[in-house]
Amino acid sequence: MKRRTFLAGLAAVPVAGCGLSGTSSTNTATNGQVTGEITFQTWSLKPKYTDYVNGVVDAFQKQHQGTTVKWVDQPADGYLAKVMADASAGSLPDVINVPPDLSFPLAKAGQLVDLDESLKDAKPEYLENAWQAFEIPGKGGCYGFPWYLNTGPIFYNKALFSQAGLDPDKPPTNFKELETQALKLAEKKVAILGQTPSIADFGLYGVKLFENDKFTFNEPKGVEFVESYKRMYDAGALIPEALTQNYTGAGAKFMAQQTALNPGSAYDLGKFKTDAPSLYANIGITTPITNTGSANMFLHGVSVPKSSKNQATALAFGRFLTNAENQVKFAKLASIFPSTSKGGDDPYFTTEDGTDEARVRVAAAKQLKTAVNYTPVQFSDQMREALLQQLADAMLGKKSPKQALDAAVDECNRLLK
Amino acid sequence: MTHRPYTPWLFLAPGLAICLLFVIFPFLNMIVLAFTDASALGGGQFTGVENFARMVQDPKFWAAARNSLLYMAGVVPPLVLLPLLIAMLAQKIVPGIGIFRTAFFTPVIASTVVVGLIWTWLLDSRGLVNNLVEALGGSRIGFLTDSTLLLISSMVVTVWRGLGYYMVIYLAALANVPKDLHEAAMVDGAGPVRRFWSVTVPSLRPTMVLVAALSAVNGFRVFSEIYLLSGGTGGPGGASTTLVMLIQSVGRGLTGEVGYASALSVVLFVILLGLLLVTLKLNRREDQL
């Protein structure tokens with residue numbers, strides 16, 4: 001399952017009123033007091049969550065008289081470019097919404113405030129795995145308040161399973177079963193998957209991804225995993241577009257009932273209901289396919305740049321925004337989950353009411369307790385592309401799985417420097 | 001009437017300022033960055049010609065340059081000839097011709113993303129074209145999943161998009177072809193085909209050179225069509241990546257290798273400049289003949 005599952009959930013909302021730049025504070029608090037003006041930048045939350053964010057901002061301003069939080073929302077498209085331009089110019093907003101893989105290069109370049117140092121008592125308020133996601137592996141320090149989390153089930157098309165003579169109530173639970181069922185579906189000309197594996201899928205398979213400051217996913221288990229995909233590809237269990245597909249593309253193929261199985265999130269279920277009712281009528285929901293016992297987790301956080309002229313207020317706002325109360329409220333609105341240690345105890349995440357939505361929500365919340373953010377924070381967009389291209393060469397038989405993975409690892413390690 | 005010597009500069013100042021700020025300065029900066037190992041978050045160190053040496057040994061660069069050249073070679077001939085034929089049809093004043101002219105011009109003004117989506121739906125393995133092929137008894141064709149076919153499909157989109165634009169250029173040029181030449185040729189017994197080759201084409205030669213130059217430059221720096229049809233991946237294994245796509249792929253994001261991307265951009269600039277100089281020379285020779 002891919003990070004985009006999660007991002008798409010929030011980024012899919014129509015975006016309006018953007019284009020504001022992330023200017024830094026004008027009213028400076030130099031003595032560490034929580035006062036003055038800060039700018040807070042989010043990733044595609046307008047207009048669907050405008051009221052929620054404004055409510056949090058108002059509550060913070062009321063609690064801390066003399067503060068002003070200027071909220072700017074950036075559309076998902078071009079968000080990275082905007083952060084890059086601001087980071088290059090040294091003018092990042094005071095509080096900025098970033099996922100771990102975006103906070104990592106900023107933290108590595110020494111641009112973010114280390115929360116372990118600045119707010120020593122904050123760590124216990126958050127889930128350990130969420131807090132760890134914002135650390136620089138091996139070097140310590142945490143560079144972002146964990147904000148919202150997501151994980152999700154596997155969705156499958158019961159009608160396509162039945163059509164191929166498979167039991168629609170026995171979907172695959174591990175990767176071995178996935179291959180067996182995929183080959184059976186392929187015999188009936190049904191493709192099970194719309195994508196080659198992502199780095200997180202390697203993690204779910206149990207492959208060691210990163211060790212001693214180097215990528216290691218070309219280890220024998222990684223090769224075994226790609227060989228399994230190669231057998232599925234050769235049998236027609238992956239659609240032809242799988243070699244070039246991103247998460248969104250694979251999701252669209254599943255919605256169009258061209259593939260039989262796809263990872264998703266609670267958000268997707270609502271989308272199937274409205275956009276693909278014939279799929280919704282046959283939808284099967286099962287636990288994530290994993291060899292490790294832990295599901296994949298996606299998360300967003302908020303970081304405070306060192307360039308902020310009002311760090312005290314920025315840190316206080318970051319902590320306030322991500323406290324249990326505010327996160328639970330947000331989670332109820334947006335089919336996401338809180339990253340605070342106590343947020344998941346809310347009955348909303350522990351009690352089923354008979355609906356599919358509640359079933360997915362409760363299962364996901366349970367899953368999150370042991371979930372892992374498999375994607376290494378060092379894994380950049382260029383590395384993702386290198387892996388995708390090498391896997392395509394392996395599927396097409398231009399390279400052996402071992403050669404393709406060696407090439408991908410070499411390229412990732414070169415990019416790491 | 002007299003004016004102060006600096007008055008013209010005052011009128012030029014806004015345009016010059018924009019040009020300096022958004023064209024000249026970034027261009028010079030790109031040249032400087034090409035000789036560094038700069039990343040998105042740092043100025044980088046001077047590395048001499050290391051980026052260019054890396055380029056020579058980078059198979060991705062050669063593959064991308066080859067794809068860009070192929071692309072140019074593939075789109076220039078149809079973009080020189082087809083819009084001319086359409087312009088000759090569209091210049092006739094018949095009832096409803098406005099509708100045809102608009103129809104041919106619509107792809108030019110249509111959003112690139114919308115155009116990309118429409119063609120993706122058409123050429124997808126389960127798209128309209130493949131369904132038609134299957135209905136006629138054929139097997140599905142990997143328009144978007146085979147690296148060669150992906151390049152050809154993108155060329156088709158480029159040609160389709162360019163038809164209207166170049167048609168307008170030809171329409172303007174056709175209006176300037178002296179009617180008496182056609183009349184003289186008719187009196188001499190020349191048919192429509194003979195008149196096309198002996199009157200229309202020679203009269204339009206400078207325009208055809210211009211169209212060839214513009215379409216060659218645009219073809220060589222193609223990005224959107226392949227990017228959209230391949231979902232941003234450059235096709236299976238990145239085998240259909242063009243030079244501009246490679247620059248974007250290398251330089252994007254917080255972890256982008258801005259130094260290397262700049263070096264690639266410098267090479268692209270030199271190639272395009274060479275192309276334009278050759279065209280200019282050809283055009284001059286035409287004028288002298």
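Here is a list: A:ALA276, A:ALA364, A:ALA312, A:ALA266. Which entry is surrounded by 24 or more Cβ atoms within 10 Å (Cβ to Cβ) and either outside the structural domain of A:TRP43 (by TED's automatic domain parsing) or at pLDDT 90 or above (or both)? Only one candidate qualifies: A:ALA266. The number of residues in segment A:59-81 that are buried (at least 18 other Cβ atoms within 10 Å of the Cβ), part of a helix (DSSP H, G or I) and either under 19 Å from the mean Cα position of the chain (by Cα) or within 11 Å of chain B (Cβ to nearest Cβ) (or both) comes to 2.
Look at A:LYS123 and say whether it is surrounded by fewer than 19 Cβ atoms within 10 Å (Cβ to Cβ), farther than 23 Å from A:ALA186 by Cβ and at pLDDT 90 or above. Criteria met by A:LYS123. Of note, A:GLU241 does not satisfy the criterion of being within 30 Å of A:ALA107 (Cα to Cα), out of contact with any helix residue (DSSP H, G or I) (no Cβ under 6 Å at 6 or more places or on another chain) and in a helix (DSSP H, G or I).
Quick check: anything in segment A:68-91 among the aromatic types (Phe, Trp, Tyr), touching a residue at least 40 places away in the same chain (Cβ under 8 Å) and touching a helix residue (DSSP H, G or I) at 6+ places or on another chain (Cβ under 8 Å)? Scanning segment A:68-91, I find no residue that is among the aromatic types (Phe, Trp, Tyr), touching a residue at least 40 places away in the same chain (Cβ under 8 Å) and touching a helix residue (DSSP H, G or I) at 6+ places or on another chain (Cβ under 8 Å), so the answer is no. For segment A:194-228, a residue qualifies if it is touching a Ser or Thr at 6+ places or on another chain (Cβ under 7 Å) and within 14 Å of another protein chain (Cβ to nearest Cβ), and exactly one does: A:GLY194.
One residue stands out among those in segment A:84-117 that are among the charged types (D, E, K, R) and more than 19 Å from A:GLY141 (Cβ to Cβ): the one that is surrounded by the most Cβ atoms within 10 Å (Cβ to Cβ), which is A:ASP94. Counting only helices (runs of 4 or more DSSP H) that fall entirely inside segment B:40-152 and contain at least 1 residues that are over 16 Å from the mean Cα position of the chain (by Cα) and farther than 30 Å from B:LYS179 by Cα, the qualifying elements are B:50-57, B:59-90, B:112-123, B:128-135.
Among the conditions (1) at pLDDT 95 or above; (2) over 25 Å from A:GLU325 (Cβ atoms), the only one that A:PHE145 does not satisfy is (2). Is it true that some residue in segment A:380-390 is assigned to a loop (DSSP other than H, G, I, E, B), modelled with pLDDT under 95 and within 23 Å of B:THR233 (Cβ to Cβ)? Yes, segment A:380-390 contains at least one residue that is assigned to a loop (DSSP other than H, G, I, E, B), modelled with pLDDT under 95 and within 23 Å of B:THR233 (Cβ to Cβ). For segment A:401-411, the criterion of being surrounded by fewer than 23 Cβ atoms within 10 Å (Cβ to Cβ), more than 30 Å from A:GLY293 (Cβ to Cβ) and away from every other protein chain (no Cβ under 11 Å) is satisfied by at least one residue. Count of segment A:203-238 residues, restricted to those that are among the aliphatic types (A, V, I, L, M) and either free of Cβ contacts under 8 Å to residues at least 24 places away in the same chain or in a loop (DSSP other than H, G, I, E, B) (or both), is 3. For segment A:281-297, the count of residues that are away from chain B (no Cβ under 14 Å), buried (at least 18 other Cβ atoms within 10 Å of the Cβ) and in a helix (DSSP H, G or I) is zero. Taking residues in segment B:118-129 that are more than 9 Å from chain A (Cβ to nearest Cβ), and partners anywhere that are of a type outside the set (A, V, I, L, M, F, W, C), the pairs with Cβ atoms closer than 7 Å and at least 6 places apart or on different chains are B:TRP121/B:GLY127; B:LEU123/B:SER153.
Looking only at segment A:31-67, residues that are hydrophobic (A, V, I, L, M, F, W, C), farther than 15 Å from A:ASN97 by Cβ and out of contact with any helix residue (DSSP H, G or I) (no Cβ under 8 Å at 6 or more places or on another chain) come to 0 in all.
When segment A:243-263 is limited to residues that are at pLDDT 85 or above and of a type in the set (Ser, Thr, Tyr), the one that is farthest from the chain's Cα centre (by Cα) turns out to be A:THR259. When the helices (runs of 4 or more DSSP H) confined to segment A:87-152 are screened for residues that are within 14 Å of another protein chain (Cβ to nearest Cβ), acidic (Asp, Glu) and under 16 Å from A:PRO376 (Cβ atoms), those reaching at least 1 such residues are found at A:100-108. Identify the single condition in (1) in a helix (DSSP H, G or I); (2) within 17 Å of the chain's Cα centre (by Cα) that A:SER278 does not satisfy, given that it satisfies every other one. So the condition that A:SER278 fails would be (2). The helices (runs of 4 or more DSSP H) located wholly in segment B:174-289 that include 1 or more residues which are within 14 Å of chain A (Cβ to nearest Cβ) and β-branched (Val, Ile, Thr) occupy B:224-229, B:243-251, B:258-288.
The values are calculated or read from the model by the stated rules, or taken from the named source; none is laboratory data. As the structure is a prediction and not an experimental result, all values here were calculated from the model. When we count neighbours, we look across all protein chains shown, and the Cβ atoms used for this are built from the backbone with ideal geometry, even at glycine.
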